Amino acid sequence: MKTKLLIFGITGDLSTRKLLPALNKIIGVSNVDPIEIIGVSRRDVDVQELLQQSIGDNALARQTTVFTMDLAEASEYHRLRKAISLTSDEQLLVYLSVPPQSATQIVDFLGEADINGSNVKILFEKPFGVDLASAEEVIARTARYFKEEQIYRIDHYLAKEMAQNIVALRGGNALFSHVWNSTAIESIELLALESLTIEGRAQFYEQAGALRDVIQGHLMQLLSLMLMDIPAEYDWDQLPAARLAALAQLKPADPEKAVRAQYDGYRNEANNARSMVETFVSMQLTSQDPRWKDVPFTLTTGKAMDRKTTEIRVNFRKFHDTQRNRLILRIQPNEGVEIELFTKKPGYEREFETRKLTFNYAEDALLPDAYEQVIVDAIKSRKSLFTSGDEVLASWRVLQPLQRVWEMDDTTLRTYTVQSSVSDVLKES
Ligand code: BG6
């Protein structure tokens with residue numbers, strides 16, 4: 001079936017850095033049915049120039065056009081519908097690569113102009129609301145015109161190759177599946193650290209902060225993959241329900257077990273001398289699922305840190321003091337798995353050392369970018385890598401107590417020096 005892909009915000013940062021390069025790969029290498037790209041923009045766009053800037057050549061030029069319209073004008077969407085001229089053997093993917101306020105307005109206009117038939121799918125970028133109440137509102141508003149099965153909410157962390165691999169590693173290895181519980185696991189740590197600062201995204205970041213930007217979606221989704229029951233026979237279609245069940249079991253966050261901080265220099269960058277927006281969060285959660293009784297899950301994220309890494313560390317319980325085992329799932333970079341083992345040091349003496357058992361993808365291995373995966377899956381109507389409305393709400397529900405306390409209390413924001421390590425930030429006050 002031919003796909004027409006409508007991209008709102010085709011000249012924007014996400015589109016030029018991620019979407020167009022991803023489309024270039026998909027169209028170039030995989031056996032996906034034909035795709036026609038229709039960019040939507042307020043102003044005239046030179047397609048050749050846009051592609052040149054984004055992917056370095058004109059490879060997509062034959063299948064790309066740009067439709068110029070006033071996005072805030074309802075009548076323009078009727079003109080858009082005529083221009084798309086969707087036939088019954090085609091599907092339309094609407095990619096909303098625009099700020100959330102514009103996205104919800106565009107959804108209304110699309111619905112009013114009848115661009116919401118059963119062969120229309122809509123792809124949203126996070127953030128899905130800024131708290132529980134606003135997420136409920138956005139979800140309800142979208143539901144006026146689009147059924148849940150037409151809605152694809154992107155959390156690109158779910159689509160990372162190693163995040164998908166959690167399902168295979170947990171389900172397909174007796175070594176892990178037998179010990180995946182509180183009897184054997186002492187704690188789980190999830191880290192998403194970046195060395196970059198907010199990089200000129202002040203306008204967005206001042207409305208977001210680390211809790212909304214990374215914890216609410218990316219890290220909560222990775223956590224749910226770690227805690228959920230693996231669907232029988234790896235039925236990927238069951239993943240959203242399995243993740244939701246895990247999220248629903250999490251206890252509301254305890255503000256006493258959370259730290260927030262802002263890197264030194266953020267206020268200048270954000271041009272807001274009084275900004276209370278956090279660029280670092282470390283928080284602990286627990287689950288009421290008996291399988292995870294008393295196991296703490298620590299979620300930590302920060303910008304301007306000493307390194308870029310996303311990883312999950314599973315710390316196993318010791319039955320006596322010298323034991324140590326840790327499983328590390330390296331989501332990025334250097335995607336792979338490490339197991340720390342206690343071993344005898346070679347030599348005449350009876351000395352010991354910790355060694356690592358490591359699995360790495362070959363350096364030249366082709367790991368598709370998360371955006372390639374989400375576009376391919378949306379085309380093929382596979383929803384396992386997308387967040388359901390209920391998952392979004394369950395995650396906000398867990399974070400709500402933290403948001404409430406932080407809104408009212410401006411004494412708990414710490415400051416840290418750029419390029420700090422996590423332990424440095426936690427030490428600083
Ligand atoms: C985005 C956040 O969702 O994820 C950014 O808005 C963050 O602030 C980015 O930098 C990190 O993504 P990745 O794939 O580079 O880890």
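The values are calculated or read from the model by the stated rules, or taken from the named source; none is laboratory data. If you're wondering where the values come from, they're calculated on a predicted model, not measured in any experiment. Cβ: placed from backbone, ideal geometry, glycine included. Neighbour counts: every protein chain shown. Surface areas here come from the heavy atoms of the whole protein model, side chains and all, with no ligands, DNA or RNA. Shrake-Rupley method; radii C 1.70, N 1.55, O 1.52, S 1.80 Å.
Structure values in brief
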item	result
Protein accessible area in region 145-280, 1.4 Å probe - carbon and sulfur %	47
Asp108/Ile27 FRET efficiency (R0 25 Å; Cβ-Cβ; nearest 0.05)	0.20
Residue among Leu71, Leu393, Leu329 with the largest mean-square fluctuation in a Gaussian network model of the chain, springs linking Cα atoms under 10 Å	Leu71
Estimated 222 nm signal from helices in the chain, with DSSP H stretches of n ≥ 4 weighted -39500 (n - 2.57), rounded to 500	-9000 deg cm²/dmol
Relative contact order, percent, region 198-275 [alpha-carbon distance under 8 Å, six or more residues apart]	35
Heavy atoms of Leu196 accessible to a 1.4 Å probe, total area in Å² rounded to 10	90
Rel. contact order, % - alpha carbon contacts under 8 angstrom, at least six apart, region 141-272	28
Gyration tensor verdict on the chain (Cα atoms; rounded if a/c is under 1.5, prolate if a/b is larger than b/c, oblate otherwise)	prolate
Solvent-accessible ranking of His178, His320, His156, largest area first, probe 1.4 Å	His178, His320, His156
Tail fraction, Cα-Cα pairs, region 302-366, threshold 20 Å, whole percent	45
The chain: angle of helix 132-143 to the longest principal axis, Cα-based, in degrees nearest 10	40
Given charges at Cβ of Lys, Arg, Asp, Glu: region 218-344 dipole, positive-most of Met220, Leu299, Gly265	Gly265
Magnitude of the charge dipole, the chain, Cβ model with Lys/Arg +1 and Asp/Glu -1, debye to 20	660
Relative contact order for the chain, counting Cα pairs under 8 Å that sit 6 or more residues apart, in percent	18
Solvent accessible area, Å² - Asp89, 1.4 Å probe, full protein context	100
Cα-centred dipole magnitude for region 190-245, charges only on beta-carbon of K, R (+1) and D, E (-1), debye, nearest 20	220
Largest-first ordering by accessible area, 1.4 Å probe, given options Asp294, Asp213	Asp294, Asp213
Cross-link reach list, lysines versus Lys293, counting only Cα pairs under 23 Å and skipping chain neighbours closer than eight places	Lys251, Lys257, Lys318
Sequence of Tyr234, Tyr205 from largest to smallest accessible area, 1.4 Å probe	Tyr234, Tyr205
0 to 90° range, to nearest 10: angle between helix 161-172 axis and the chain longest Cα axis	50
Å² per residue, accessible surface of region 1-139 at 1.4 Å	45
Rounded if a/c under 1.5, otherwise prolate or oblate - region 129-189, Cα gyration tensor axes	prolate
Reduced Cα scattering model of region 179-282, Debye log10 I(q)/I(0), q = 0.12, 0.17, 0.22 Å⁻¹	-0.55, -0.89, -1.19
The chain: angle of helix 100-112 to the longest principal axis, Cα-based, in degrees nearest 10	40
Directionally averaged projected area (convex hull, Cα atoms, region 263-307), nm²	4.6
Signed unit charges on C-beta, dipole axis of the chain, positive-most listed residue Ala74, Pro333, Asn116	Pro333
